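Trainee: Before I ask anything, let me first share the structure, which is written out below as structure tokens.
Bear in mind that the values in this text are calculations on the coordinates, not laboratory data. Computed from a prediction, not measured in an experiment: that's the story for all the values here. For neighbour counting, all protein chains shown are included, and Cβ atoms are generated from backbone atoms with ideal geometry for every residue, glycine included.
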Amino acid sequence: MRTGKLVRLARGNVVRELPALAVSAGGVALGIGCLVFFLALGAGLKRVVNDVFPVSTREVEVVVPSLAIGNILGEQKLDETIVEKLRKIRGVSAAYPKMQLRIPAVTRYNGLFFGREIHMGLEIVGVGLMPELVGTDAHAPFEDAGEGKPVPVVVNRRLLELYNKVFAPQRGLPTLTDTMLIGFQIPVELGRSYVAGKTLPNATEGSLLLVGFSDRATLAGVSLPLAAVRRINARFGADAETYSSVLLRAQSADDVSNIAAAVKRMGLEIDETERSRALQIGAAVELVTLALSLLAALITGLAAINTMQAFYASVRERTREIGVLRAVGATRGDVAAIVLAEAAVTGLAGGVVGVVLARIAAVLLDRLARTGLPDFPFKPESFFHFRVTHIAVGVAVALAAALLGAFLPARAAARLDPAKALTES
Amino acid sequence: MNAILLRGVKKRYPPREPGLAPQELLSGVDLEVKRGEFMAVEGQSGSGKSTLLHLLGGLDREFEGEAQVLGCDLRALSDAELAALRHTQIGFIFQSFNLLPALTALENVLLPDYFGSGVPDAERRAMEALDRVGLADKAKAKPAALSGGERQRVAIARALVARPPLLLADEPTGNLDARTGEGVIALFKELHADGMTLLIVTHEARVSHAATRVLILREGRLGPEDAQHSMETL
């Protein structure tokens, strides 16, 4: 039996059985709607988590273990030699050392800040990064220009988000975009601290120039060019040779575990703080998504049972008709194929309607969240992320559920004795 | 050459209630129908006429004895082979028309085209078949919009579309009024004149009168026409 003819015959039967099959398709649509909705919600929340905790599966941060014996004895350190060794670990494609600004620094700002006069004093925490790590996030050269010149800095995007969603509304300050702030200069006093007794004798004044926002920048302060940090640390007699951490980039995500093992063998440690937090939250989102998806699968399963009952009823009602089909030359396989084709049409319709329902529900919920929920940091434009795979999975599961549900009725139809079927009243 | 050959065909149905004996509807039927013959099988209700027809059409495979239709041993054929035989070699006509309500008259006639390797030039043949039964103008009508006689004529057109050499009809005029029934009988005569083999089971004398040979199915066996019995069935 050719597919075109099969579809034509099935389509006619579906139209005739529309009321009964609409209930089956509705059940499938409900299950698939829930499934696609929860999958998209999970993906949307995962995207939010990734925005808040951007973690690369190819990168690890190497630090000196706080309780290492070598560290206590002053032997364990991250210097250039160690960095070179780290670079040579199999699977490492790049190593980016980072250095803490090891002297106190403060900023005092008195003046207009985008139309509002402010008086501000802050202790500055700084971390030196290699310019290659910041890359195109910096909109001006991220390099040390030398003594007496403004030091370029990049700030983590999440700090801007926190400022806009928490700090600015509370203080009545304007919300800002990254382009508004790039190029902004703030005065800085290197070697000075607001903490009594911490100010160094030869503190000097300078300025910091904001050149960009980057996920690479530290969350607890500002990130400066590594060369600038090294120069400033050296100028104040602080340690300018050892690094506070080294970011290792693996050639592939599969290499990370081997690299981590090699790092540990060197007596060093992987800083998992940010990574494990992101992974834990990501895992929690996945777990909830999985649980909700299972619930949706259960609904789809019930829809499959409903489909089975509908098709059993349909086959019973059409017993005589099936006898006629056999009489004009249909084989058992043809009869089963007709029932399954009807189920496929029902499942596909249910799947498509389910996907549309999920999309509509997501739009409504997003609209509700936009108007009903207060603004908070990292509040997304949408809590949902519909991927093509979600739609494909939704339609495929709908199809599978309908076919599975119709399998036994199709087999029963195929096994009908044509002579008996023709005598059914 | 025989179109149909039955030797000692028996058909039993399981007992209706436990403890009762199996019901034997056919108890050693012998039958020879030559190609091009127009045969009527008479019998009272429940005598096994429909069973005999289903058996000849390969719709019922559970029987004893020898059964050959158009040279094919029905007991030796697989389910798919029997389906192919019905598709290309046998046309069925039923008392209750058995049209598919969702399909138009033309689509009902085209039904055999959906199966097997289809029917060559199906659309043209279907229109020809409808034209032959005088329903070319009702091709797009659904069965619900047709009268009983028209539905039976659509069913006949469906049986003819694949141009089978053998036509099996089960009480084809049973649900028709006298005038419509006469039209159907006239059509059978035409088909017979064209060389088709017809085997019609009926309990109506007007159908039997059109046949070239009449057999009576009584007590599970086929026998020659009995004038007195014919009168009784009237």
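Trainee: In which sequence would A:GLU161, B:GLU64 go, from the one with the fewest C-beta neighbours within 10 Å to the one with the most?
Mentor: Numbers: A:GLU161 17, B:GLU64 14.
With the fewest neighbours first, A:GLU161, B:GLU64 line up as B:GLU64, A:GLU161.
Trainee: So, one more: Counting only DSSP beta bridges with both residues in the protein assembly as shown, what percent are antiparallel, rounded to the nearest 5?
Mentor: 65
Trainee: Restricting to DSSP loop positions (anything but H, G, I, E, B) with no more than 13 other Cβ atoms inside 10 Å of their own Cβ, which trypsin sites (Lys or Arg not before Pro) remain in the stretch B:1-80?
Mentor: The qualifying sites are B:ARG16.
Trainee: Another question about this same structure. As a check on your grasp of the helix formula, calculate [θ] at 222 nm for chain A: sum -39500 (n - 2.57) over DSSP H runs of n ≥ 4, divide by the residue count, round to the nearest 500.
Mentor: -17500 deg cm²/dmol
Trainee: Can I ask one more? Which of the lysines could a cross-linker bridge to A:LYS46, judged by Cα under 18 Å and excluding same-chain residues fewer than eight apart?
Mentor: Within the straight-line cut-off, A:LYS46 pairs with A:LYS379.
Trainee: Same structure, new question: Within a 10 angstrom radius of the beta carbon, how do A:HIS119, B:HIS87 rank from fewest other beta carbons to most?
Mentor: Ordered from fewest to most neighbouring Cβ atoms within 10 Å, A:HIS119, B:HIS87 come out as A:HIS119, B:HIS87.
Trainee: Here's a follow-up. Can you give me the span-like helices of chain A, meaning DSSP H runs with 18 Å or more of Cα extent along the axis and Kyte-Doolittle mean at or above -0.5?
Mentor: Numbers: long enough: A:3-16 (20 Å, -0.03); A:18-52 (48 Å, 1.57); A:273-317 (65 Å, 0.83); A:332-372 (58 Å, 1.25); A:388-414 (36 Å, 1.79).
TM-like helix candidates: A:3-16, A:18-52, A:273-317, A:332-372, A:388-414.
Trainee: Which is farthest toward the positive dipole end of the stretch B:2-233 among B:GLY36, B:THR212, B:LEU191, measuring Cα position about the Cα centre, with Cβ charges +1 (Lys, Arg) and -1 (Asp, Glu)?
Mentor: B:LEU191
Trainee: What average count of beta carbons from other chains do you get within 10 Å of the Cβ of residues in B:79-86?
Mentor: Whole-number average of other-chain Cβ neighbours for B:79-86 is 5.
Trainee: Using only the C-alpha atoms of the protein assembly as shown, find the volume of their convex hull and express it per residue in Å³.
Mentor: 253
Trainee: Now a separate question. Report P(r) for chain B: all Cα-Cα distances, bin width 5 Å, range 0 to the bin holding the largest distance, values in whole percent.
Mentor: Final binned percentages: 1, 7, 14, 18, 19, 17, 12, 8, 3, 1, 0, 0.
Trainee: Hey, what's the Cα Rg ratio for the stretch A:356-400 versus the globular rule of thumb, 2.2 N^0.38 Å?
Mentor: 1.44
Trainee: Separate question: For chain A, modelled as a Gaussian network with Cα springs under 10 Å, which listed residue fluctuates most, A:GLY148, A:GLY197, A:GLY301?
Mentor: Of A:GLY148, A:GLY197, A:GLY301, the Gaussian network model singles out A:GLY197 as fluctuating most.
Trainee: Among DSSP beta bridges lying fully in the stretch B:2-233, give the percent that are antiparallel, nearest 5.
Mentor: Antiparallel bridges make up about 55 percent of those DSSP assigns within the stretch B:2-233.
Trainee: Also, quick follow-up: Any idea what Rg and Dmax come out to for the stretch A:226-277 if you just take the C-alpha atoms, in Å?
Mentor: When restricted to Cα atoms, the stretch A:226-277 yields Rg and Dmax of 14.8, 42 Å.
Trainee: How charged is the neighbourhood of B:GLU32? Take every other residue with its Cβ under 12 Å from the Cβ of B:GLU32, and add Lys/Arg as +1 and Asp/Glu as -1.
Mentor: Here the charged neighbours net out to +1.
Trainee: Sticking with this structure for a sec: Working only with C-alpha atoms, what are the Rg and Dmax values of the stretch A:1-112, expressed in angstrom?
Mentor: 31.1, 86
Trainee: A follow-up question, please. Counting only other residues whose beta carbon sits under 13 Å from that of A:ILE103, what net charge do I get with K and R as +1, D and E as -1?
Mentor: That sum, taken over residues with Cβ under 13 Å, equals +3.
Trainee: Take every residue in peptide B:106-117, count the Cβ atoms of other chains within 10 Å of its Cβ, and give the average of those counts. Mind dumping the intermediate values first?
Mentor: Numbers: counts 0, 3, 2, 0, 2, 7, 5, 4, 13, 13, 6, 3.
Shielding by partners across B:106-117 averages 5.
Trainee: Work out how far the C-alpha atoms of the stretch A:124-224 reach from end to end along every principal axis, then list the three figures in whole Å, largest first.
Mentor: Its Cα atoms span 39, 34, 19 Å along the three principal axes.
Trainee: Considering only Cα-Cα distances, which of the following residue pairs are longer than 24 Å: A:LYS5/B:LYS138; A:LYS77/A:LYS264; B:LYS10/B:LYS49; B:LYS49/B:LYS138?
Mentor: Pairs exceeding the cut-off: B:LYS49/B:LYS138.
Trainee: Please report, in cubic angstrom per residue, the volume enclosed by the convex hull of the alpha-carbon atoms of the stretch A:59-272.
Mentor: Per residue, the Cα convex hull of the stretch A:59-272 comes to 145 Å³.
Trainee: Relative to the longest principal axis of chain B, what angle (0 to 90°, nearest 10) does the C-alpha long axis of helix B:122-132 take?
Mentor: 80
Trainee: Now a separate question. Name the residue farthest towards the positive end of the dipole of the stretch B:2-233 from the options B:GLY46, B:PHE63, B:LEU167, assuming +1 on Cβ of Lys and Arg, -1 on Cβ of Asp and Glu, about the Cα centre.
Mentor: Towards the positive end, the residue furthest out is B:LEU167.
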